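The values are calculated or read from the model by the stated rules, or taken from the named source; none is laboratory data. Computed from a predicted model, the values in this text were never measured in an experiment. When we count neighbours, we look across all protein chains shown, and the Cβ atoms used for this are built from the backbone with ideal geometry, even at glycine. Please note that ligands, DNA and RNA were not included when accessible areas were found on the heavy atoms of the full protein model with its side chains. Shrake-Rupley method; radii C 1.70, N 1.55, O 1.52, S 1.80 Å.
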2 protein chains.
Amino acid sequence: MTLTDETTALEREERLTTLGASLRRALGGPYAHERAEARSAFPSDDLLMDPSLDVEQARRWTLERLRHLGEVGFGSAGVPEHAGAVADPLAAVMTFETLAHGDLSVTIKSGVQFGLFGGAVANLGTEWHHNEFLPGITQMTILGGFAMTELGHGSDVASIETEITYDPATDEFDVHSATPGATKAYIGNAAKDGSMAAVFGQLVVDGKRHGVHTILVPIRDEQGRDLPGVTTGDQGHKGGLLGVDNGTIRFDHVRVPRRMLLNKYGGVNEQGVYESSIEDPNRRFFTMLGTLVRGRVCISAAGGIGARRALSIAMRYGLSRRQFPAAGRPEGVLLMDYLVHQRRLLPRVARAYALGFAQNELTQALVKVQGTAEHTELDQRELETRAAGLKAMSTWFANETVQEAREACGGAGYLSENQLTKLRSDIDIFATFEGDNTVLMQLVTKGLLTHYAQAWSALGRSGVVQETTRVVGETVLEKTGAGLALERLAAQVRRTPEETTLVDRAWHALMFEERAQHSLESLARRMRAAKKSGTDGFESFNRLGPHVQFVARAHMEQLILGAFVEAIDCTDDAETRDVLERVCSLYALDSIARDRAWFMEHHRITSGRSKAIGDQIDALCRELRPHALPLVEGMGIPASWLGAAIVNDADAA
Amino acid sequence: MTLTDETTALEREERLTTLGASLRRALGGPYAHERAEARSAFPSDDLLMDPSLDVEQARRWTLERLRHLGEVGFGSAGVPEHAGAVADPLAAVMTFETLAHGDLSVTIKSGVQFGLFGGAVANLGTEWHHNEFLPGITQMTILGGFAMTELGHGSDVASIETEITYDPATDEFDVHSATPGATKAYIGNAAKDGSMAAVFGQLVVDGKRHGVHTILVPIRDEQGRDLPGVTTGDQGHKGGLLGVDNGTIRFDHVRVPRRMLLNKYGGVNEQGVYESSIEDPNRRFFTMLGTLVRGRVCISAAGGIGARRALSIAMRYGLSRRQFPAAGRPEGVLLMDYLVHQRRLLPRVARAYALGFAQNELTQALVKVQGTAEHTELDQRELETRAAGLKAMSTWFANETVQEAREACGGAGYLSENQLTKLRSDIDIFATFEGDNTVLMQLVTKGLLTHYAQAWSALGRSGVVQETTRVVGETVLEKTGAGLALERLAAQVRRTPEETTLVDRAWHALMFEERAQHSLESLARRMRAAKKSGTDGFESFNRLGPHVQFVARAHMEQLILGAFVEAIDCTDDAETRDVLERVCSLYALDSIARDRAWFMEHHRITSGRSKAIGDQIDALCRELRPHALPLVEGMGIPASWLGAAIVNDADAA
């Protein structure tokens, strides 16, 4: 077994700088070893899809690549292969993350097959389903779709219209799309490859509705023809991810044996009676959806890797490309030496690190909840909130970062041979699938408000209101995982925030806390007022929409900073720590700078101090400029995997 | 002849609302008539490219479409067809703008052939070139490239390495790419279709360098084979614009007759001696590049149309799509009724209008300078500054707006049948070609500083410094075209800005002026200090990079607001005016809100007032919500031209 701090063959080939290798270990965090091993074992010879493939070719290439990866251990990793096998959430996330270093159609198709379809069977099914289907799913003899989304209902899963009606006469279910809006849409593996689907619909037993349940429905025969009653459609060419065969499915009274219902949380017994271990239908719904949290953790991870790939290309190009001669630089200035160029890329590198540390913590939380360790329902709820928020933060960041990287590479960035436009088009939809980002951010705030209301009602009667607010705020922070380290830091400078320097971590911690806490408290106040106001209930809450988005973002930023601070604490090497401290300051100041209007409006920062932040960011960029290459290496994408002609050319030069 | 306020057949077919038609006339401004006519005449039956075409198919389709458009009058419009014919810059811009309603590969290939290649011959060539080549260029029997950019030098045109050396022995030029960096790159028509190129290179006569000049070089024979000494390369698949055959060209001592040099501003006479009407080589260089300003005006226009197409799709979808039932809305809430959704789209609609009005003024300035009317060198320089800035503002806006529209349409936005991802990938490079946006913004500020320095040195010795600064500032504003109307407005409230409402146009004018003027003045001060500081000249100025970008943006925002205010003044209809006033307020407040930190830092807005801006933006969104459809109609893209399935479905529903 390789030790964490041992160099793999791949790393030796990469000829990493000492600092680069050390930064990579730091960013790898608790999973540095797993990641180094995964990189080392990953077959990188056919990593990227030819961007000129058409839809048919792209689908074929993707399926073949996925089968090949399955053969060498990067397929179903983590999904149990039969009943009784233990699911390994860490292996699942690590595998997905590694796949994201290559073509994203392969990554997403893997997610559809193993994470979503396989995950539904593993998590919502029971022993019979596991025995019957998991071997085929993990060996890819059964390809399947995850048929949740409907044309009429994208984000609103509770309102889906597909009906799963129990027929006691035949002991079967009747799966039916009653309306055009009930058509399943955007379903991966539905257009071509899938022979089965995990179909979400409203369960009806004896005329009574029991809410959303999931049932396995065979959709194609061995010749690839739609089975009777099933009509699949091909959604054809998309903005990206051409290798994933997204399609539609309609059901015209399709009959399925009773045992095909995935009945872990609710089903129909042999007497034809509905039974469930969870009485409250609302709670049952969220429990079923909750098992899907891993998908969001995975997408968040992949978004992070995508951003790092783009930044690696743009940074490496910026370190080789010269433009415009200047005083003392007759051969032209390196792009990376322009402050404007540094400001485009370095704060994003800082955020890529920050998100990476937060992703590590999220993965740990997932492993705790879905692994063999004990966990509470609160752990589960926190995980869901955190996964929703980080998925949104990470994928929005990926989108804007790949675009910035493209522009930073000029015309070369637009050539497919340099990978950025392909990455951009593939990663675009990450902002929408596995939960629309705007809706996910609402979920985050909803989670925070629930905690807040609980803490409030418990404490509200006991003391002075102001004191209560403070206590409640801190309880919420603690409960939602922003971390004690950050709280302690903030406490150090609470009384004299303006006496700190702009790179004082305690001051950052305080500002992040104030932003998260004050915005949440004021939202809670406005919510209470809205409830009392009566009139149009929808409109009263609708007005709070932008505030809701802000609260979620402020909370996530605090979580991310907390993860960064803890990661620095775990770093021993002095130079690595020093660089990470600066990277952390750059992330923190960039975040504060974006909201500096808010901080001034709420009298947390004076106008003079606010003005100084820009200069401090410039100074940090200058300080980090000499470490540009190690910072890129630390992000963990081997240069030879980037597949970008401008990077290879740069290395050759 | 159709009158401006008469309805065209197309408009009748569109069944526009009265307000929508009126807004469209207002946005059409001085060219409402030309635009209505162009829309009416434009062949819209084969408007959009099948997004699944491969590179070869896309190129073929694009060339055929362009030939067809040429036959029906949407080809070379505005480019003179022979010596002595009058160029019509307005026709050129209107045609390009109309083409941007359809596939953008066609638009850009048209720009390469007629605007760039044809424009170089028309503007840099003399009578012989006009007679010899313009008929073939306008009739598309000669397809050509505009070979300026080189691999080694993207934005830095002055440093290009291609050499054009006069050989008196044969009275020919020797065109040569001495280094790999001298390879021409990203040249449209170079990979496949072009038989000739307008090649930019360093002119050398009798051992003396005369700076960048342009020469026509045949590159392919009739069978499409490279001519001797010419090596073309195909840059293949790109992030978008697949129909444009971008490629590389290298020259190995290619011999070309002397008369092929485009010699309007400089050439070699029959005695083999260099002669030019412009003595200063620097001025000559900028004069030659200055003739290319039309390209930037056109790209700016097309960027604006692209953004409007995306907004039209997202807005129309938002007006038909429902999600999540709510109190009083059991069938689900219309997306457009969510405040968060309004805030994503309506401020962008407002900015689309604002940019449209600014584009009208830019077009007028172009027509003044390149048309038959008298104009000064100052007019030319102002035009160049304005075109550079608006091109950058418009194309950045287009990119982020198409993306926002994509996300606002959820998964449907990702299907190619809904056009947004195609539009996104095609328009991406608009931020880079015809001048990288970041570099263009530097040009804007450079132009402003030049004016400023001139005014300063003229006035600096005459009075008190503060007063001088004010006068200089106002002179700069006037000279750079921000308009008197805005200045007069601002003056009304200069003494009591905080007593105005947030929708007071005079207050907006004042804030826009203060931002533009103060940032320019402080930059000028920092520039002077940097000059004095000595040490590393590059680093002293490098530090000012972000400030330089801010100044350019602040200036452009002011110009755009000025154009909006003047356009409202020209609008008679009361309801239209009323809606435009709100749209203008939304644009102005959105712009102020983005920089509200700056305004607080510079004590132009109190924190209390800053906080209120968000609520005012919300209120404006609510007020404009009932006019959502007319606002879309006003943007001028017929619904049937959008080619988006979700829009057609919405209309059918």
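Annotations for the structure displayed:
- Residues of segment B:33-51 that turn out to be open to solvent by less than 50 Å² (accessible area, probe 1.4 Å) and either assigned by TED's automatic domain parsing to the domain that holds B:I305 or closer than 21 Å to B:L642 by Cβ (or both), as a count: 10
Conditions (1) at pLDDT below 95; (2) under 26 Å from A:L642 (Cβ atoms); (3) in a loop (DSSP other than H, G, I, E, B), marked per residue:
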position	(1), (2), (3)
A:R67	no, yes, no
A:G70	yes, yes, no
A:S76	yes, no, yes
A:E81	yes, no, yes
A:T107	no, yes, no
A:V112	no, yes, no
A:W128	no, no, no
A:F133	no, no, no
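- Any pair with Cβ under 7 angstrom, 6 or more apart, that starts in segment A:335-349 at a residue that is more than 7 Å from chain B (Cβ to nearest Cβ) and ends at one that is open to solvent by 20 Å² or more (accessible area, probe 1.4 Å) and not in a helix (DSSP H, G or I): A:L335/A:R321; A:M336/A:L319
- One residue from B:L339, B:L292, B:L362 being crowded, with 19+ Cβ neighbours inside 10 Å, at pLDDT below 95 and out of contact with any Phe, Trp or Tyr (no Cβ under 6 Å at 6 or more places or on another chain): B:L292
- Hits in segment A:120-129 - residues which are touching a helix residue (DSSP H, G or I) at 6+ places or on another chain (Cβ under 7 Å) and open to solvent by 10 Å² or more (accessible area, probe 1.4 Å): A:A122, A:W128
- Qualifying residue in segment B:172-190 (condition: charged (D, E, K, R), within 17 Å of B:N246 (Cα to Cα), at pLDDT 95 or above and under 23 Å from the mean Cα position of the chain (by Cα)): no
- Candidate set: segment B:595-612, residues that are closer than 21 Å to B:R553 by Cα and more than 9 Å from chain A (Cβ to nearest Cβ); chosen: the one most open to solvent (accessible area, probe 1.4 Å): B:R604
Residue-wise test of (1) buried (at least 23 other Cβ atoms within 10 Å of the Cβ); (2) β-branched (V, I, T).
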{"residue": "A:L227", "(1), (2)": "no, no"}
{"residue": "A:T231", "(1), (2)": "no, yes"}
{"residue": "A:D234", "(1), (2)": "no, no"}
{"residue": "A:G243", "(1), (2)": "yes, no"}
{"residue": "A:D252", "(1), (2)": "no, no"}
{"residue": "A:P257", "(1), (2)": "no, no"}
{"residue": "A:E275", "(1), (2)": "no, no"}
{"residue": "A:E279", "(1), (2)": "no, no"}
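- Residue check, A:Q549 of a type in the set (S, T, N, Q), buried (at least 23 other Cβ atoms within 10 Å of the Cβ) and either under 30 Å from B:M336 (Cα atoms) or more than 14 Å from chain B (Cβ to nearest Cβ) (or both): no
- Against the criterion of being in contact with a Pro (Cβ under 6 Å, 6 or more places away or on another chain) and open to solvent by less than 40 Å² (accessible area, probe 1.4 Å), B:A87 qualifies.
- Among the candidates B:L489, B:L510, B:L484, B:L502, the residue that is open to solvent by less than 40 Å² (accessible area, probe 1.4 Å), over 26 Å from A:M336 (Cβ atoms) and modelled with pLDDT under 95 is uniquely B:L489.
- Exactly one residue among B:L544, B:L559, B:L510, B:L520 is without any contact (Cβ under 8 Å) to a residue 40 or more places away in the chain and either away from every other protein chain (no Cβ under 13 Å) or among the charged types (D, E, K, R) (or both), and that residue is B:L510.
- Residues satisfying the stated conditions in segment A:611-647, i.e. within 23 Å of A:F42 (Cα to Cα) and more than 26 Å from the chain's Cα centre (by Cα): A:A645, A:V647
- Of all residues making up segment B:48-78, the number that are without any contact (Cβ under 8 Å) to a residue 24 or more places away in the chain and either within 16 Å of B:K422 (Cα to Cα) or within 14 Å of chain A (Cβ to nearest Cβ) (or both): 3
- Matching option when the condition is of a type in the set (S, T, Y) and open to solvent by less than 10 Å² (accessible area, probe 1.4 Å), among A:S585, A:S533: A:S585
- Only a single item in (1) under 18 Å from B:I215 (Cα atoms); (2) surrounded by 20 or more Cβ atoms within 10 Å (Cβ to Cβ) is not met by B:A301, and it is number (1).
- Residue selected from segment A:203-222 under the condition farther than 21 Å from A:G144 by Cβ and in contact (Cβ under 8 Å) with a residue 40 or more places away in the chain, by the criterion nearest to the other protein chains (Cβ to nearest Cβ): A:G211
- Single residue of segment A:269-328 satisfying the filter (in contact with a helix residue (DSSP H, G or I) (Cβ under 8 Å, 6 or more places away or on another chain) and among the polar types (S, T, N, Q)) that is farthest from A:M393 (Cα to Cα): A:S276
- Residues of segment B:385-443 classified as more than 8 Å from every other protein chain (Cβ to nearest Cβ), open to solvent by less than 10 Å² (accessible area, probe 1.4 Å) and not hydrophobic (A, V, I, L, M, F, W, C), total: 7
Every residue, every condition in (1) of a type outside the set (G, A, S); (2) touching a helix residue (DSSP H, G or I) at 6+ places or on another chain (Cβ under 6 Å); (3) over 29 Å from B:Y414 (Cβ atoms), yes or no:
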{"site": "B:E13", "(1), (2), (3)": "yes, no, yes"}
{"site": "B:G20", "(1), (2), (3)": "no, yes, no"}
{"site": "B:A32", "(1), (2), (3)": "no, yes, yes"}
{"site": "B:D45", "(1), (2), (3)": "yes, no, no"}
{"site": "B:W61", "(1), (2), (3)": "yes, no, no"}
{"site": "B:F74", "(1), (2), (3)": "yes, yes, yes"}
{"site": "B:V79", "(1), (2), (3)": "yes, yes, yes"}
